[in-house]
Amino acid sequence: MEENKNNIPESVWAPGVPQNIKAEDVITLDELTIMAINYLINNVIIPHGFKIEPGFPRKEIPQIGVKKDGVLYGIIVVPSIFPKYVTLQDEFRIKLVEMCEKGDIVPLFAAVGYKSIDDDRAKESLTLKGDVFMTTFQGFIKLTKDEKQSYALTKENFYNIGE
């Protein structure tokens, strides 16, 4: 990614949707997940003074373990591409919460959204290598074993690890 004289990142792609997109030009789900993990570590976790715990492989769920004030949090990182918002299937979420409870881990859902700065690519939900993205993260949601769980950020389910 090159930067212009105003230090604003620029995409390597011309405006609009490219005609012949090759598979190797598209950011994979695994790559997007790594981007989201790195975003959270650098912009949320470290700035809030959390210690990253060993033993949480990035390719397994939860992908990040952090500890503060004696509490161990397991962060489930789920990237989304505009305009979609990805959540967990109820059965999987419940099993995940039960697994975390056995390890005395507080399970937190972290949805990290990506949207191309190019309106046309954003409308097509394209994630191209070398593009520039707006990244959104509204906060952590504590996962429950409830039959259905809302992923809307409300004062009831929002979990601020910074407090």
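Just so you know, all these numbers are worked out from the coordinates, no wet-lab data involved. Everything numeric in this text was worked out from a predicted model, so none of it was measured. A quick note on method: Cβ atoms are made from the backbone with ideal geometry, for glycine too, and the neighbour counts reach across all protein chains shown.
Structural remarks
- Put simply, when 15-26, 89-100 are sorted by average Cβ atoms within 10 angstrom per residue, most first, you get 89-100, 15-26.
- Mean separation of Cα contacts under 8 Å, 6 or more apart, over the residue count of the chain: relative contact order %: 22 percent
- Amide H to amide H distances under 5 Å link Val26 with Lys129, where only residues 5 or more positions off or on other chains count and H is placed in the peptide plane.
- Helical runs (DSSP H, four residues minimum) scored at -39500 (n - 2.57) apiece and divided by the length of the chain put the mean residue ellipticity at 222 nm at -5500 deg cm²/dmol.
- Distance-filtered residues of the stretch 74-106 - backbone nitrogen under 19 Å, label point 7 angstrom along Val17 Cα→Cβ: 81-85
- Taking the longest Cα principal axis of the chain as reference, the axis of helix 90-102 is set at about 50 degrees.
- Exceeding the 19 Å Cα-Cα cut-off - candidates Lys51/Lys102; Lys59/Lys84; Lys84/Lys115: Lys51/Lys102; Lys59/Lys84
- Taking every DSSP beta bridge that has both ends in the chain, the antiparallel portion is near 65%.
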